[in-house]
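Everything below concerns the one structure shown next.
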Amino acid sequence: MKKILITLFVATALLSLASCKKEDTGGSPGGGGDTGTGMFWSNQYGSPIQVSVDGYSGSVTSYYNQTDAPDCGSSGCFSITLSKGSHSFTASDGDHTWSGSINISSSCNTMLLHW
């Protein structure tokens, strides 16, 4: 049992280190113009959350035990550069699903995925 817990801990740590890369969109989804960062994050422990925004995807692999959003680009979050305006998203961790829109109006715009 101890080996399983250690293995799970190491796997979670490695996933955290590998996440929260800015998505290379090859430009801004939805056209040109001003851009900002959309960052998805969670404050509840659970499975990694797969996020899709305007056809681009990434993962939230860490959680933050706080009520305020972490800084844009924080480890374990999914950050993406998007044109200013509203962008549809879907997300799932296998047990929970989210959908809606994130409004990009400044340099850092956050979306809490909470169940």
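The values are calculated or read from the model by the stated rules, or taken from the named source; none is laboratory data. Since the structure is predicted, the reported quantities are computational estimates derived from the model, not experimental observations. Neighbour counts are summed over all protein chains in view; Cβ atoms, including those assigned to glycine, are modelled from backbone coordinates with ideal geometry.
Data table
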read-out	value
Residue count for the range 90-115, restricted to those that are within 12 Å of Gln50 (Cα to Cα), touching a residue at least 24 places away in the same chain (Cβ under 8 Å) and not hydrophobic (A, V, I, L, M, F, W, C)	6
Condition check for Gly73: in contact (Cβ under 8 Å) with a residue 40 or more places away in the chain, on the phi > 0 side of the Ramachandran plot and within 14 Å of the chain's Cα centre (by Cα)	yes
Any hit, the range 64-74, residues being small (Gly, Ala, Ser) and surrounded by fewer than 17 Cβ atoms within 10 Å (Cβ to Cβ)	yes
Qualifying strands (runs of 3 or more DSSP E) (wholly inside the range 43-91; at least 3 residues being of a type in the set (S, T, N, Q))	78-83
Lone unmet requirement of (1) in a loop (DSSP other than H, G, I, E, B); (2) at pLDDT 90 or above; (3) not hydrophobic (A, V, I, L, M, F, W, C) for Pro29	(2)
Test result for Thr7, under 16 Å from Asp93 (Cβ atoms), modelled with pLDDT under 50, hydroxyl-bearing (Ser, Thr, Tyr) and outside any loop (DSSP other than H, G, I, E, B)	no
Residue ID - nearest to Ser88 (Cα to Cα), chosen from residues in the range 38-76 that are modelled with pLDDT of 95 or more and among the β-branched types (Val, Ile, Thr)	Val53
